[in-house]
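First the structure, in the form of structure tokens, and then the observations on it.
Where a number appears in this text, it was derived from the coordinates with a stated rule and is not lab data. Small disclaimer: the values here were computed from a predicted structure and weren't measured. Counting neighbours? That spans all protein chains shown, and the Cβs are built from the backbone with ideal geometry, glycine included.
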Amino acid sequence: MILDDNLITIENGDLTEATITGEPIALNSFQKPGRMGPIPFFVGVIGEDAAGGTSITIKLQQSDSESGSYSDVPGSSLTVALADMVTGKNIGWRFLPTGLTKPWFKVVSTQTGTFTAGKLFAGVTVEDHLPYEEGMYIDAGVVKG
């Protein structure tokens, strides 16, 4: 996956904290970022699987300027159970949602329960992160997994 530092909102967000607030990302070259075709986005646990807590709620917030007042993007709140929080799996949006209409946005994560391990990552990516899953790999005519 190719990454640009300017397009990462959360890098190594510690899930043992009660809330993680990402850095603002500028998509100010778009009139309405969520309506500009699919913009790949990845939110996932990195390094090691999450442990301890019960779930996290992640949401997108947007603003007209980097230091402006941020409000929730309509329909962008997702709750992810601990069982789904494994390393490398996209637990967020595959593409930025159409409700994102302002040029600045960030991700906010609120943890439920007491997490003992796990780091969160969130950012715009160059390509769609959709790795093979069980039963999708064929070797010499035999389905693996």
Expressed in nm to one decimal, what extension gain is obtained for the pair D5 and T116 from 0.36 nm per residue of sequence separation less their Cα-Cα distance?
-> 37.2 nm
In nanometres, what is the gap between the two model label sites at R94 and S71, each 7 Å from Cα along Cα-to-Cβ?
-> 3.0 nm
Would you mind computing, in nm to one decimal, how far apart the modelled labels at E23 and S63 are, each placed 7 Å from Cα along Cα→Cβ?
-> 1.5 nm
